[in-house]
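The values are calculated or read from the model by the stated rules, or taken from the named source; none is laboratory data. Everything numeric in this text was worked out from a predicted model, so none of it was measured. Because the Cβ atoms are built from the backbone with ideal geometry, glycine has one as well, and the counts that use them run over all protein chains shown.
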Number of protein chains: 2
Amino acid sequence: MIMNTQFKKGVLELCVLVILDKKDCYGYEMVDEISQSISISEGTIYPLLKRLKKEGLLSSYLKESSDGPPRKYYRLTDSGKEKKEKLVGEWETFSKGVNNLLNSKNEELKEANDE
Amino acid sequence: MIMNTQFKKGVLELCVLVILDKKDCYGYEMVDEISQSISISEGTIYPLLKRLKKEGLLSSYLKESSDGPPRKYYRLTDSGKEKKEKLVGEWETFSKGVNNLLNSKNEELKEANDE
DNA sequence: TATAGTACCTTGCATTATAGAATACCTTGT
DNA sequence: ACAAGGTATTCTATAATGCAAGGTACTATA
């Protein structure tokens, strides 16, 4: 899936928080989850998870796996849940604003061109 | 209007192209136009316009003004129009993907939690 | 003269996604 | 035992991009 890199900035953080709000996940698993909707690579998710943990939005714990090295599961903290709510709201406002520009520009500009 | 900076990455280019597809504009004017939907500052728009012109998506011409210095109007080139169409499509795919993650996650995860 | 509004431009900074490479574990085939 | 490949984590270096902060210059008003 080819996708505009720039669009993703900041949104991936939102996606990670939303997914972790539903269930605990490890990084490799999250790449799969998110990839169903947005293209993403491992080199992106691990630094992101590390950053979010450092900011106190996530906690983590290790769990052994039957087929590979142990998995590091991440869980939302309370502050992570707050942040998630905040980001979801911001995303809705933002995407509405963009769609506003994309669609409703036609009418407004008729007058502007009537000079 | 306070707004997540990261969400804007790449989207502002789309907004500029969409607006210029409707009518020619100068930078200062575009800040007003876009600000109705998304917060943006001058320090953002001028470098952006310069870059888009350099990439051949925009052409520009000067026009005198009665109340201030001459205005530099920008106009979409053919290649700019192509780029605009492409970006609009990418935005729609992308925002659908994000909303997908935000909303339809509930059902899919019931099974996942049934272990 | 001074102030404010319009309009443009540049520099430097912070943020973030990504590719690429390294490490380590397990399973399967030879 | 060995190699190959999939799973899983991590780090480094790089490229984009938005923005604040500053500057220039023109016009109108007080």
| task | Could you name every one of the helices (runs of 4 or more DSSP H) located completely within the range B:1-46 that has at least 2 residues being more than 12 Å from DNA strand D (Cβ to nearest atom), facing chain A (nearest Cβ under 9 Å) and touching a helix residue (DSSP H, G or I) at 6+ places or on another chain (Cβ under 7 Å)? | result | B:11-22
| request: Just name the residue that is modelled with the lowest pLDDT out of those in the range B:31-47 that are surrounded by 12 or more Cβ atoms within 10 Å (Cβ to Cβ) and farther than 20 Å from residue A:95 by Cβ. | output: B:31
| note | Scanning the range A:1-30 residue by residue, the ones that are within 8 Å of DNA strand C (Cβ to nearest atom) and farther than 18 Å from residue B:93 by Cα total 1
| note | When the range B:59-87 is checked residue by residue, the ones that are surrounded by 15 or more Cβ atoms within 10 Å (Cβ to Cβ) and in a helix (DSSP H, G or I) are B:80, B:83, B:84, B:87
| request: Please identify the pairs in which a residue from the range A:1-26 that is touching a residue at least 24 places away in the same chain (Cβ under 8 Å) has its Cβ atom under 8 Å from the Cβ atom of a residue that is more than 10 Å from DNA strand C (Cβ to nearest atom) and among the acidic types (Asp, Glu), counting only partners at least 6 apart or on another chain. | output: A:3/B:90; A:25/A:33
| query | Of everything in the range A:48-73 that's over 19 Å from residue A:10 (Cα atoms) and modelled with pLDDT of 90 or more, which residue is nearest to the other protein chains (Cβ to nearest Cβ)? | reply | A:73
